[in-house]
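Below: one structure, written as structure tokens.
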Amino acid sequence: MSPTEGPALDLAVLACAGALPSSLAGPLDMLQVAQRLAELRQPASPPQLQGRLVGARGARRLRTGGLVLGAIGDPDPIPQVLLLPSLMHRDGGDLLRQLSALQPEIALLRTLQLKGVRLVAACSGTFLLAATGLLDGHRATTSWWLADTFRRAFPRVRLEADRTLVDDGGFVTAGASSATLQLTLKLIGEATDPQLMQNTARMLLIDTERQSQAPYVVQALVERPRDSLAEKVERFLQRELHAPLSVARIAEHCGTSARSLLRHFQASFGESPLKRIQRLRVERAKALLETTHLSLEEIVERCGYADAASFRKLFKRATALTPGDYRERFRLRVH
């Protein structure tokens, strides 16, 4: 690379209140590792990968997560890519309240996007990107446990919560906080070549083949509606998952009509009763695969199915793994 050329990748990470320190420092650490590997492979003219922290408020220091971060600059010169970090939060409501206090950051994102800066976001950072309105009509992902909150807050964004990474219209979004590193790897690969990306991933023990969040979903951690009918339905389903279930039976138990139940289900859960039952049964199967030595046939029976083959297909469709592969990866091991 000649001295007059710019860097292969100039990545800025937005330092803002509530940002997880790991999602600020992790991408910058990865760029340093990739730079060293590039210099070893191509000592005469390695591609230049540079990263920096930038802010929207002119502050040079930021206290977040118990740490004080310094060397925060203005986004000048304009970076090629701006990464929005994960934001620490108690729940979806708390996260949405945080967004209301980040108006300077939202204004900066809109300005930089007009200047050609590529905006990418990880985990709850996708909420900040969506708050600009720039994601409307685009596909995106975020952390699986925040999916329902995201859909309610940003209905014009086409959320694909099972995906680890989504690239649409120049915007790249990633799932939970650790996926920030996969996002950074993607940017390195695009700016240089796939081999440097793979070598960096190997050095840092990162699985570049992980494409789905589905195996990691735990329904107990997913935010649920907090109205009495939704909670009544949920308790009933959990108790009766082993038995045949129908909309009519659920409605009768809840003292409502089938039509009202379907309407309430869609409003509260964003899916049909059948889809919800399938999710809960897969979740029960996951727990049994993790914690017991039961055969698949026994697990299938406890989840309300009679046909192991059809349940195996449902399980793989929901988790991207076969029951056997899931058990091997996630079973509890006593040493």
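The values are calculated or read from the model by the stated rules, or taken from the named source; none is laboratory data. Everything numeric here is computed off the predicted structure, so don't read it as measured data. So basically every Cβ, Gly included, is an ideal-geometry build from the backbone, and we count neighbours across all protein chains shown.
Among the residues making up segment 169-182, those that are at pLDDT below 95 and on the phi < 0 side of the Ramachandran plot are Ala174, Gly175, Ala176, Ser177, Ser178, Ala179, Thr180, Leu181, Gln182. Is segment 297-314 home to any residue that is among the hydroxyl-bearing types (Ser, Thr, Tyr), farther than 28 Å from Glu231 by Cα, part of a loop (DSSP other than H, G, I, E, B) and over 23 Å from the mean Cα position of the chain (by Cα)? For segment 297-314, residues among the hydroxyl-bearing types (Ser, Thr, Tyr), farther than 28 Å from Glu231 by Cα, part of a loop (DSSP other than H, G, I, E, B) and over 23 Å from the mean Cα position of the chain (by Cα): absent.
Residues that are among the hydrophobic types (A, V, I, L, M, F, W, C), at pLDDT 85 or above and farther than 20 Å from Leu237 by Cβ within segment 290-335 comprise Leu294, Leu296, Ala308, Ala309, Ala320, Leu321, listed in sequence order.
Scanning segment 74-90 for residues that are surrounded by 23 or more Cβ atoms within 10 Å (Cβ to Cβ) and farther than 17 Å from Leu31 by Cβ yields Ser86, Leu87. Scanning segment 247-278 for residues that are in contact (Cβ under 8 Å) with a residue 40 or more places away in the chain and surrounded by fewer than 18 Cβ atoms within 10 Å (Cβ to Cβ) returns a single hit, Gly270.
Taking the condition within 24 Å of Gly175 (Cβ to Cβ), without any contact (Cβ under 8 Å) to a residue 12 or more places away in the chain and not in a helix (DSSP H, G or I), does Arg90 pass?
Working: within 24 Å of Gly175 (Cβ to Cβ): yes; without any contact (Cβ under 8 Å) to a residue 12 or more places away in the chain: yes; not in a helix (DSSP H, G or I): yes.
Judged against the criteria, Arg90 is a match.
If the condition is being in contact (Cβ under 8 Å) with a residue 40 or more places away in the chain and either in a loop (DSSP other than H, G, I, E, B) or among the acidic types (Asp, Glu) (or both), then segment 47-65 contributes Pro47, Gln48, Gly55, Ala56, Arg57, Gly65.
One residue stands out among those in segment 44-73 that are surrounded by fewer than 16 Cβ atoms within 10 Å (Cβ to Cβ) and of a type in the set (D, E, K, R): the one that is modelled with the highest pLDDT, which is Arg57. Consider segment 250-284 and keep the residues that are outside any helix (DSSP H, G or I) and not small (Gly, Ala, Ser). The one that is farthest from Gln238 (Cα to Cα) is Thr256. Restricting attention to segment 18-27, the residues that are touching a helix residue (DSSP H, G or I) at 6+ places or on another chain (Cβ under 9 Å) and under 15 Å from Leu185 (Cα atoms) total 3.
The helices (runs of 4 or more DSSP H) found entirely in segment 118-219 that carry 1 or more residues being in contact (Cβ under 8 Å) with a residue 24 or more places away in the chain, β-branched (Val, Ile, Thr) and over 25 Å from Met30 (Cβ atoms) are 147-153.
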